[in-house]
Amino acid sequence: MKKIFTVVALAVVLASCGKSAKQEALEKQQALTAIKDSLKLDSFKRAEAENEKIKQDEQHIAELAAAKRSAASAAYSSSGTVTNSSAGQTTTQANKKKGWSDAAKGTVIGAGVGALTGVLIDKKDGRGAIIGGLTGAGAGYVIGRAEDRKSGRVQKKQ
């Protein structure tokens, strides 16, 4: 009797586990879909805000150019000739920061990973960290420099 009761209890437990796993998988899929949809909506909002900012900047530049033209045409000398200090329309473009190069990122990441690996491998913490950090930094720099060359940030050696 105990064997039958144990088999029935085991069957009930296994049957109930199978249904919840399916339900959990369905809930995870629905959650992922909701997250993806919200990310898409967020990116559209950011793009619209960025486009609005660009339009405002272009309008501001056009107003500045019009003000320069009117100021230049109003500046007359005593002989009646026009003095125009700027020959054409000048626009200022903000220099876009490029950020860290791939070589710099590779060096920092390689040094961190190398130091951690050195500590784990060598039981003397200081020595392993130093050797691993230097080795990792060198390898990371070489890999990052190659990526900089591929992207065109750094010219290839000739």
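The values are calculated or read from the model by the stated rules, or taken from the named source; none is laboratory data. It should be emphasised that the depicted structure is a prediction, and the values quoted were computed from it without experimental measurement. All Cβ positions, even for glycine, are placed from backbone atoms using ideal geometry, and neighbour counts span all protein chains on display.
Per-residue answers, yes or no, for (1) at pLDDT 90 or above; (2) touching a helix residue (DSSP H, G or I) at 6+ places or on another chain (Cβ under 9 Å):
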{"site": "Thr91", "(1), (2)": "no, yes"}
{"site": "Asn95", "(1), (2)": "no, no"}
{"site": "Ala103", "(1), (2)": "yes, yes"}
{"site": "Val108", "(1), (2)": "yes, yes"}
{"site": "Gly114", "(1), (2)": "yes, yes"}
{"site": "Gly138", "(1), (2)": "yes, yes"}
{"site": "Val142", "(1), (2)": "yes, yes"}
{"site": "Ser151", "(1), (2)": "no, yes"}
{"site": "Gln158", "(1), (2)": "no, no"}
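Only residues that are in contact (Cβ under 8 Å) with a residue 24 or more places away in the chain and of a type in the set (Asp, Glu) were counted in segment 106-158, giving 2. Checking each residue in segment 119-153 for being more than 20 Å from the chain's Cα centre (by Cα) and outside any helix (DSSP H, G or I) picks out Asp122, Lys123, Lys124.
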